[in-house]
Structure formats: structure tokens, C-alpha cells
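Trainee: Have a look at this one.
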Amino acid sequence: MRHVPDLDRLGHNVTMALDNLRASKLRSALTILGVVMGVATVMTMATIVSGVRNQIVRTIEVAGPSTFYVLRWFSTTPVDPQNLPKEVRIRPELAVAEAERVKRLPEVGYASIWAQTFVRLEYAGVRTQGMAVFGADERYTEIQGGELVAGRWFTPAELKAGANVVVLQETQARRVFGREEPLGKVLRVGGRPATVIGLWQEPANIFAPPGQEVGAIIPFRFLDRSYTYDKTNALWIPVKPRAGVSVSEAQSAVTVALREMRRLKPGDPNSFDLVTQDQILDTFNSLTSVFFLVMIALSSVALLVGGIGVMAIMMVSVTDRTREIGVRKAIGATRADIRQQFLVEAATLTLLGGGVGIAVGLGLGRVAGWALAVESSPPWTAAAIATVVSIAIGLAFGLLPAQRAARLDPIEALRYE
């Protein structure tokens, strides 16, 4: 037998592998199904996590990296307001007077007190699902982004009095009012009447989890007076340092002011938490990392099943092609040639599965991104890793069948029927 260069031999083996796969399409498709499912799961989750992270980063950029927040209690998971732990109960709730004190600090450029509740919007029999309503002020867009597209924001008098006025999110305004002009109309926000004074368009890059769409902004005192809300998880003081003042300087000033107002002694711990944008991003990263690892573990099971399927089908293939192996050995093929033939076939099988899985995962990721209203770029790093893993699975699980084929005795193989 004439020995061809290694690359030519590899190409010949790939061609033979594809021919064998085409000869048994259904069996091949079923074999790689586990690989397709595993890789598709990884790609889908990588696309979603990447998109949501990008949205978080963009939202932080809107607020500015120097913005930080004062909360009663900061936790990676919200605490149950009906069953607060002792370490939370001993902490006073945030107060308007504290926000006013922080606002007057020379190191602070902006501070206010905000809250959030979930209610329905209703007008002339049209009613929305429950959505987030912010109790804030006229500088809402400096923290959350977006722009006022019609009407106006709250006046100082309206903020101070907690007037029944509302700035609607533009999409929700069109949903409730249809073609009717909403400005000046009175709608019910969580069952309470409020006059529409403005329309606000949220930024395309703001992160809003499903079911937590922002529907309206009302004066904080209106929300505080008229609605029940969670004063532990949904009440906070946003703070922006004055130009030229670092975040750490502003945080130190805020800490001193609040400790004085709460009459804390030098040895007492803070009865409030300060949270920076970096901490929010770190918390998000830690949560998504755990979520992603769980998805990796689940998809690994599918990949393992796919690998076992590859090994089983290659064992069957070796048995079915025993006579072919005998003929090849009889005309000069070495053990290495036979071993490479079956390894290449197994790797080709799983590479095809990986390719299909990547395509399916990217498609599902795009659909999920559209459903969750997040923009994401294809995770090419994850795709490259998935490709390498697919080939590795083929080589790992194809090794035993390849070794079995390589060790066949040519005389016995030729006699096989």
C-alpha cells in the first residue's frame, strides 16, 4: 500500500467518516442528539447571561460609576418584609429627613429618597398588569436614564406636597389611552387618581427583569402617603458626589452624617448600608456565575450521554465493518491507520453535533434575548470552547472503539460474516 502524507490521510479519513455518516443518517442524528442538546444549552445560557450583563453595565453607565445608594439592608436576595431577621429589625427605616441631610452635604451633588411599588394602571376600563411604579423626583432620568418626550416633570411644590400627578412610561400610556391624548387626563394608579403631566421614554439599554416593567413615576411623598410598599427592600437614597469629589470621600461624609442623625456611638456598627455600582455589578456577576455553572453541569450530563452514545454507535460500527477492516489491513493498513480512521469518524460525528448545537443555541439565545428585551452579541468564546469540547468528546469516547478496531486480527476479520 502506498503511504500518503499525514494530511492527505487525515482528509481521506474525514471523507470516509462523512460517507459513513451519510449512509446511516438516522442513526447518526440520534447519536449526536445529546451533544446537540448539551452544546445548545451552553450557548443559549451564555447568550442570555452576556446580554443581561451588557444591559446591567449600560444601565450603570447611565447612572454614572460614582453613583451609590443608601439602603436599610443590602443582601444578594431580598429579605421577607413580613418576617425580618433580627439584624434587620433593629435597623431604623430610611427617612426623608436623612435624605435631606445627605443632600445638604458639601461633598454631595445630588441626593433624594426613592421608593418602588407594584400596581396596575387603569383608564376607562383598560387595565394593565401589575408593574413597577417609582416614587422619585424630577431628576429621575439622571439615575435611570431615558428622556421626557412630552409634558413636564414635577414642580418643587408638587414634590413637597406629594401631589397626585404622574409621568407615564410612553409605551404604557399608549397601551392605556390608545389614540387619546394622555396629557391632562386622570387615570388610576393602583386604584388612586393621578393627573398625567408627562410622558417618559425609557432607554433601550435599561435592565428590567420580566414582570418588573416600569410603568410610571410619581412624587415620592405621593407614593409614601398613598401606597403600601416594602420599606426594607424598596426604599433607598440615591447619591451622586459633587464634581471633583471621589466616591470614597462622599461615602465617608454620608456615613458620618447618618451616624450622627442616628446617634450611633463610635463602637457601634452602621445601621444602614452603602452600595456602589461596582458592588451591584459584582453581586450580579456572582449570581449569574452560579446560574451559569448550574447550566454547565446540566449540559455536561447531556454531553456525557451524547459521548456514551457516540461510543456505543462506534462499537456497532466496528462490528458492522469488521470485514472492511480486515481488507484494509490485508492490503497494508497499519493499526495506527485503522485507529485514526475511527477516531476521526467519532470526532467528526461530535463536531457535527457541536456545530448544530452552536447554531441552535445561538438561535434560541436570540429568541430569548428578544423575549427578555436584552441585546447581546454572539458569545464566540463559548462557541470556540464548545467546538473544542465537541471534538474532545469524540476523541475520548471514540478511543475505545478505535482501539478495538485497530487490534482486530486481519485473518479473523476477513472470515467475519
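Trainee: Counting only pairs 8 or more residues apart or on different chains, how many lysine pairs in region 73-271 have their Cα atoms under 24 Å apart?
Mentor: For region 73-271, qualifying lysine pairs total 10.
Trainee: Considering only region 101-225, what is the antiparallel percent among its DSSP beta bridges, to the nearest 5?
Mentor: Details: 19 of 29 bridges.
So the antiparallel bridges in region 101-225 amount to around 65 percent.
Trainee: Follow-up question, since we're still on this one. Mind running the shape call on region 121-221? Use the C-alpha gyration tensor, a ≥ b ≥ c as the square roots of the eigenvalues: rounded below 1.5 for a/c, prolate if a/b tops b/c, oblate otherwise.
Mentor: Rounded is the answer for region 121-221, as its axis ratio a/c remains below 1.5.
Trainee: Right, next: Rg to Rh ratio, region 73-271, alpha-carbon atoms and Kirkwood radius? Write down the numbers at each step before the final one.
Mentor: Numbers: Rg = 18.1 Å, Rh = 18.2 Å.
The Rg/Rh ratio comes out at 0.99.
Trainee: What ranking, highest mean first, results for peptides 326-338, 103-115, 41-53 when packing means the other Cβ atoms within 10 Å averaged over each residue?
Mentor: 41-53, 103-115, 326-338
Trainee: Arrange the peptides 122-129, 214-221 so that the one whose residues have, on average, the most other Cβ atoms within 10 Å appears first. Walk me through the numbers before you get to the answer.
Mentor: Working: 122-129: 12.6, 214-221: 23.8.
Order by mean packing, descending: 214-221, 122-129.
Trainee: Another question about this same structure. Quick check: net charge around Phe154, other residues with Cβ under 12 Å of its Cβ, Lys/Arg +1 and Asp/Glu -1? All intermediate terms of the calculation are to be shown ahead of the outcome.
Mentor: Working: positive: Arg139, Arg152, Lys160, Arg221; negative: Asp137, Glu138, Glu158.
Neighbourhood net charge equals +1.
None of the figures in this text is laboratory data; all of them are computed from the coordinates on show. Worth saying up front: this structure is predicted, and the values here are computed from it rather than measured. Cβ: placed from backbone, ideal geometry, glycine included. Neighbour counts: every protein chain shown.
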